[in-house]
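Notes for the one structure printed next.
The values are calculated or read from the model by the stated rules, or taken from the named source; none is laboratory data. Quantities reported herein were computed from a predicted structural model and do not represent experimental measurements. Cβ sites come from the backbone with ideal geometry, for glycine too, and all protein chains shown count toward neighbours.
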Amino acid sequence: MRTDLPAFGTNDAIAMSVYVSGDTVYTAGYYDDGSKYVPCYWTGTSATGLVGDGVHNAYAHSVFVSGGVVYTAGYYHDGVKYVPCYWAGTTRVDLPGDGTHDANAFSISIVE
């Protein structure tokens, strides 16, 4: 059975990854806010927006839930290059790259 996820407004939204915990389905993806792509995740069909740098494109590609915290992996553009990161809830944590080249994060899991 298909479950449609709400987009934000009338622009496109893209789902990239699904994680199931108990009876709850979590989905990572991103949406077009009319000027850039914004990362997000859905808990069931309820969307939560995430923040890259707030100005440029950002993407969430993977989702994992541990200890009640939703973790999402992705990357954002800082105006010069793509920076890999993950979000713990809605808090973004940048991952080190070499500082001069694009880098991306496409998957996340937590070992308890």
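Taken over region 1-24, the criterion of being part of a strand (DSSP E or B) and more than 15 Å from the chain's Cα centre (by Cα) is satisfied by VAL20, SER21, THR24.
Whether any residue in region 42-65 is over 19 Å from SER17 (Cα atoms), assigned to a strand (DSSP E or B) and not small (Gly, Ala, Ser) is what I want to check. Within region 42-65 (the criterion being over 19 Å from SER17 (Cα atoms), assigned to a strand (DSSP E or B) and not small (Gly, Ala, Ser)), the answer is no, since none of the residues qualifies.
Condition first: surrounded by 13 or more Cβ atoms within 10 Å (Cβ to Cβ) and touching a Cys at 6+ places or on another chain (Cβ under 9 Å). Now tell me which residues in region 60-93 satisfy that. The answer is ALA60, THR72, ALA73, GLY74, TYR75, TYR76, ARG92. The residues of region 1-32 that are small (Gly, Ala, Ser) and either crowded, with 17+ Cβ neighbours inside 10 Å or modelled with pLDDT of 85 or more (or both), listed by number, are ALA13, ALA15, SER17, SER21, GLY22, ALA28, GLY29.
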